[in-house]
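Inspection log for the structure reproduced underneath, given as structure tokens.
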Amino acid sequence: VKFVYDFTEGNKDLKDLLGGKGANLAEMTNLGLPVPPGFTITTEACKVYLESGEEPAALRDEVSAHLAALEEKMGKRLGQADDPLLVSVRSGAKFSMPGMMDTVLNIGLSDKSVQGLAKQAGDDRFAWDSYRRLIQMFGKTVLGVDGELFEDALEAAKAAKKVTVDTELEAADLKKLVTKFKKIVKTEAGRDFPQDPREQMDLAIKAVFDSWNGDRAKLYRRQERIPHDLGTAVNVCSMVFGNLGPDSGTGVAFTRDPASGHQGVYGDYLQNAQGEDVVAGIRNTVPLAELEQIDKKSYDQLMQIMETLENHYKDLCDIEFTIERGRLWMLQTRVGKRTAGAAFRIATQLVDQGLIDEAEALTRVNGAQLAQLMFPRFDESAKVEQVGRGIAASPGAAVGKAVFDSYTAVKWSRSGEKVILIRRETNPDDLDGMIAAEGILTSRGGKTSHAAVVARGMGKTCVCGAEELEVDTKRRRMTVPGGHVVEEGDLISIDGSTGKVYLGEVPVVPSPVVEYFEGRMHPGADDADELVEAVHRMMAFADRKRRLRVRANADNAEDALRARRFGAQGIGLCRTEHMFLGDRRELVERLILADTEAEREESLKALLPLQKKDFVELFEAMDGLPVTIRLLDPPLHEFLPDITELSVRVALAESRQEPHENDLRLLQAVHRLHEQNPMLGLRGVRLGLVIPGLFTMQVRAIAEAAAARRAAKGDPRAEIMIPLVGTVQELEIVREEADKVIAEVQEATGTELKLAIGTMIELPRAALTAGQIAEAAQFFSFGTNDLTQTVWGFSRDDVEASFFTAYLEKGIFGVSPFETIDKDGVGSLVKLAAEAGRETRPDLKLGVCGEHGGDPESVHFFHEVGLDYVSCSPFRIPVARLEAGRAAV
Ligand code: PEP
Ligand code: MG
């Protein structure tokens, strides 16, 4: 294998091997752009090193050969005493990990060659400053010396001279500082700063390899879900200097505005400076446009290069460049990061420019970005006082009164207050408070902390790890930078999309994208902004492309109508249990407690017209589109009073010798029906088989509602779905009864009803015997919530708040399997069942209605295994449409 590639040998598609930076340097080199010559050591070499603790044997020789070629090209040797070649050694992984890994500049300087550099540059100060930077960076990143020791020495030197800025130090001061720095290295690292340039380079390369496994880098990868075994490449690049005087400088540029996508001149320039100076903010940069006055030739060349890059990458690029004595050099480019809104705009702009086609445009955006654009947001024009910033853990804009414990959160929210729960970090005890709060703010913890994981699961706004906020839960207060104290009850605002924390109440405005989906804002109309226009067009691209249909999980007309506006092509799951709550709960209670046939009949008769009305409304809202109605699913006890409350009531009544026969009877029933494991107990089809008349009542209501809609010239398309089936026998019995009822209604109304009957596949046994089950089912809908629960043996109501944080931290999975489908486990059952089902019944319709139906990554999986549709909550429909389109490109 080859471990080292010259910049002339690589290209942009070799990111796995050369890292992002190396691949793009090679691409620019081959485009003929002015890149300082150099070479890249591959991620493969890094992997060998990380696995064995030693660099691959061939690496040293390959580096020697490439270094020799570089020296030949540059006409000088690394560290040559009278005219040294200097190089930078930089990390560069496949995915950008900003600031996480190491870089060493000015390698090749030594006590001898610093003189040569001074002579060549005609600038003593510059040479000694470069040398002190090398010792500082090398000491810190390669030899592990505490960086503050160098900083302190630098400050001391400035104080001694009574100056405030680095640049006011002269050559003689810097020379003294170099001596001081070398002493620090000697004491702290127990060795001299190496004078041999090759030794400097080799040690720096090793340090970059090692930095892959630094604590910060590991944490970053976990948070960003970057695999730990990729390794980093190392770029060795000849140095160019932006700090050689006023005709030198360094800058960053974007080929278009990363916030709006507009074309123009965006970037910053800093005269007479090196890259670090820009990042460190030591001096103020000027807008890139001013470079035109400073150095017109370089400016014009840069504009030309930016155009070349954009046309070549066909995307927004960001660029780092340096001008050395009037000569422009490109140090880096990459496809630039952008805001969610800009991603949509840029994608459509590039289509209009003819640079990319619709399919390519779809790859430039994603569902997470669209979801972000759909949250309400803080009014940007409002006056705000930002007091902190943490990790944007779960999007949304939340305003409320500060509370510092769960108990208060619950208490206040019950009395109608909006609260923000502020904790140092949260744990399972905070769950009630988190549910009660508008948003959650913590001062500790990252994207996988308890607060972040649980808040995301609940769809609640969360900012975590806002470290500059001092949270004092005992005294119920929080101190913000500058000393202001936020007391319990003070209003604060948090933005889960940006991580920003504000004092007071920041006004919230609805998302224009939601206004558009709701039909309250129209693309092309005067008030439609560019973002809405771009989203509108991208949705059209996705709809043209996708094969998957998208349905909604909805169980009332209001949700159904919203779902339609959002583009739903039917209802994939109507959970009828939601229709039995509220006032109707008592009717169900009577059904459960019925002692005689007559009593049971009576309560069923009372429920029937109510159910029928529900369905009529739903069919009307979804006229012409399929509506899948699932028969009653949850365990019976959910319709009975709470066992503890009831026991207390009975005990009280007993002690007071008051009449309590009814309560006693109820309590006995509650005891009889109590289950240790209700999720695995009497629910779904089991209930239908045990409570006579329950399912047939529901089927009758559906059939009569459909007939009524037909009589009203409507087009109802009902599908009846049986939950929690584990064996075909269960389904056969229910079907037989259902068919009978449907026939009766057809006869009585004189209407032919085409009601499909199908089942959910949400138990492992159902998936494993799908071939048999398909004999009795006209469609399958995968209930991936229960399927995940039963395949993993994870209680879906408990685990996310209890041990998932630990699992995520240990990297057992990168994301909750309840959020994104576990392809290997649960997913392979879905695939198997889909195939077996279609084997039995080639026209079997297949869908999914678990939460995964609206999750971007899962949508791609369902596309791949050939399902016909996904079904998700109304608000996730646009995301599902977009991702279904993306899955098809
Ligand atoms: C499922 O189990 O995936 C499902 C959709 O049903 P429910 O969430 O109602 O159990
Ligand atoms: Mg289920």
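A short reminder: the numbers here are calculations on the coordinates, not readings from a lab. Because the structure is predicted, anything quoted here is derived from the model rather than measured. Cβ coordinates were reconstructed from backbone atoms using ideal geometry, including for glycine residues, and neighbour counts include every protein chain displayed.
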Next item on the list: Under 13 Å from the Cβ of Val480, count the other residues' Cβ atoms, weight Lys and Arg +1, Asp and Glu -1, and hand me the total.
Entry: -4
Next item on the list: Could you list the trypsin sites (Lys or Arg not before Pro) in segment 1-40 that lie in coil according to DSSP, counting only those with at most 12 other Cβ atoms within 10 Å of their Cβ?
Entry: Lys2
Check: Any idea what diffusion coefficient segment 543-598 gets from Stokes-Einstein, in µm²/s, Kirkwood Rh on alpha carbon pairs, 25 °C, 0.890 mPa s?
Finding: 178 µm²/s
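Relative contact order of segment 322-366, please, whole-number percent, based on alpha carbon pairs below 8 angstrom and at least 6 residues apart.
Working: 20 pairs, mean separation 13.1, N = 45.
Relative CO of segment 322-366 lands at 29 percent.
Just check segment 575-720 against the gyration tensor rule for me: Cα atoms, a ≥ b ≥ c as the square roots of the eigenvalues, rounded for a/c under 1.5, and otherwise prolate or oblate depending on whether a/b exceeds b/c. Let's see the in-between values first.
Numbers: a/c = 2.70, a/b = 2.25, b/c = 1.20.
Prolate, since a/c reaches 1.5 and a/b exceeds b/c.
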Check: What is the Rg over Rh value, at two decimals, for segment 731-865, using alpha-carbon atoms and the Kirkwood definition of Rh?
Finding: 1.09
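Based on Cα coordinates alone, diagonalise the gyration tensor for segment 30-171, multiply each eigenvalue by 5, take square roots, and list the semi-axes in whole Å, largest first. Write down the numbers at each step before the final one.
Values: eigenvalues 182, 94, 40 Å².
The three semi-axes for segment 30-171 are 30, 22, 14 Å.
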Item checked: HN-Hα J in Hz across segment 328-337 - Karplus 6.51, -1.76, 1.60, θ = phi - 60°, x for Gly and Pro -> 8, 10, 9, 9, 6, 8, 6, 5, x, 5
Note to self: Can you give me the C-alpha center-to-center distance between segment 664-696 and segment 541-570, rounded to a whole angstrom?
What the structure shows: 34 Å
Next item on the list: Using Cα pairs closer than 8 Å and at least 6 residues apart in sequence, work out the relative contact order for the chain, in percent.
Entry: 9 percent
Next item on the list: Evaluate the Kirkwood expression for the hydrodynamic radius of segment 249-335, namely the inverse of the mean inverse distance over all pairs of different C-alpha atoms, and round to one decimal in Å.
Entry: 12.9 Å
Checklist line | HN-Hα J in Hz across segment 190-202 - Karplus 6.51, -1.76, 1.60, θ = phi - 60°, x for Gly and Pro | finding: x, 8, 6, 5, x, 8, 7, x, 5, 5, 4, 5, 4
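Mean projection of the alpha-carbon convex hull of segment 376-509 over all orientations, in nm²? Please list the in-between numbers first.
On the way: hull surface 27.6 nm².
For segment 376-509, averaging the hull's shadow over all directions gives 6.9 nm².
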Next item on the list: Give the shape of segment 183-279 as rounded, prolate or oblate, defined through the alpha-carbon gyration tensor: a ≥ b ≥ c are the square roots of its eigenvalues, a/c under 1.5 means rounded, and otherwise the shape is prolate if a/b is larger than b/c and oblate if not.
Entry: oblate
Checklist line | Dipole of the chain, positive end: most advanced residue of Val865, Ala770, Ile294 [Cβ charges, Cα centre] | finding: Ile294
Next item on the list: List the residues whose amide H sits under 5 Å from the amide H of Arg256, counting only those 5 or more places along or on another chain, with H placed 1.01 Å from N in the peptide plane.
Entry: Cys317
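Once you have the Kirkwood Rh of the chain from its Cα pairs, apply Stokes-Einstein at 25 °C and 0.890 mPa s and quote D in µm²/s. Display every interim value, and only then the final one.
On the way: Rh = 31.7 Å.
Value of D from the Cα-based Kirkwood radius: 77 µm²/s.
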Item checked: Inter-probe distance in nm under a simple model that places probes 7 Å from Cα toward Cβ, at Lys383 and Glu747 -> 7.8 nm
Margin query: Give the lysines whose C-alpha is closer than 22 Å to that of Lys218, dropping any in the same chain fewer than 8 places away, or say none.
Written below: Lys15, Lys21, Lys47, Lys94, Lys140, Lys206, Lys337, Lys447, Lys810
Next item on the list: Pull up all non-local amide H partners of Arg77: gap of 5 or more, or a different chain, and H-to-H distance under 5 Å with H placed in the peptide plane.
Entry: Leu85
Checklist line | Qualifying GluC sites (Glu not before Pro) in segment 637-735, DSSP loop, other Cβ atoms within 10 Å at most 12 | finding: none
Item checked: Eligible aspartates and glutamates near Lys183 by straight Cα distance, threshold 18 Å, same-chain separation 8 or greater -> Asp111, Asp129, Asp146, Glu148, Glu151, Asp152, Glu155, Asp173, Asp192, Asp196
Check: Residue by residue, what Karplus-based ³J(HN,Hα) values in Hz, rounded to whole numbers, does segment 610-625 have, using 6.51, -1.76 and 1.60 with θ = phi - 60° and x for Gly and Pro?
Finding: 5, 4, 4, 4, 3, 6, 4, 4, 5, 5, 5, 4, 10, 3, x, 10
Next item on the list: Ratio to report: Rg/Rh of segment 270-382, with Cα atoms as the point set and Rh obtained by the Kirkwood method; give two decimals.
Entry: 1.05
Item checked: Reachable lysines, given that their alpha-carbon falls under 20 Å from the alpha-carbon of Lys612 and they are not under 8 places away in the same chain -> Lys713, Lys740, Lys754
Next item on the list: Express in whole angstrom the spacing between the alpha-carbon centres of segment 400-475 and segment 163-229.
Entry: 40 Å
Check: Any idea how far apart Lys613 and Lys297 come out in nm if each label point goes 7 Å out from Cα toward Cβ?
Finding: 8.6 nm
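Let a ≥ b ≥ c be the square roots of the eigenvalues of the Cα gyration tensor of segment 1-71; is it rounded (a/c under 1.5), or, if not, prolate (a/b larger than b/c) or oblate? Mind showing how you got there, number by number?
Values: a/c = 3.04, a/b = 1.49, b/c = 2.03.
It is oblate, given that a/c is not under 1.5 and a/b is not larger than b/c.
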Next item on the list: Compute the FRET efficiency between Ser828 and Arg575 as 1/(1 + (r/R0)^6), taking r as their Cβ-Cβ distance and R0 = 35 Å, and round to the nearest 0.05.
Entry: 0.85
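Given the Cα-Cα distance of Ser647 and Lys713 and 0.36 nm per residue of separation, how much length would full extension add, in nm? Before the final figure, lay out the partial values.
Numbers: separation 66, 0.36 × 66 = 23.76 nm, distance 5.23 nm.
Net length gain for the segment: 18.5 nm.
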Item checked: Calculated [θ] (222 nm, deg cm²/dmol) that DSSP helices of n ≥ 4 give over the chain, each run adding -39,500 (n - 2.57) -> -14000 deg cm²/dmol
Note to self: Within 10 Å of each candidate Cβ there may be at most 12 other Cβ atoms; applying that plus a DSSP loop requirement, which GluC sites (Glu not before Pro) in segment 378-479 survive?
What the structure shows: Glu380
Next item on the list: Report the far tail of the P(r) of segment 700-753, meaning the percent of Cα-Cα pairs longer than 13 Å.
Entry: 60 percent
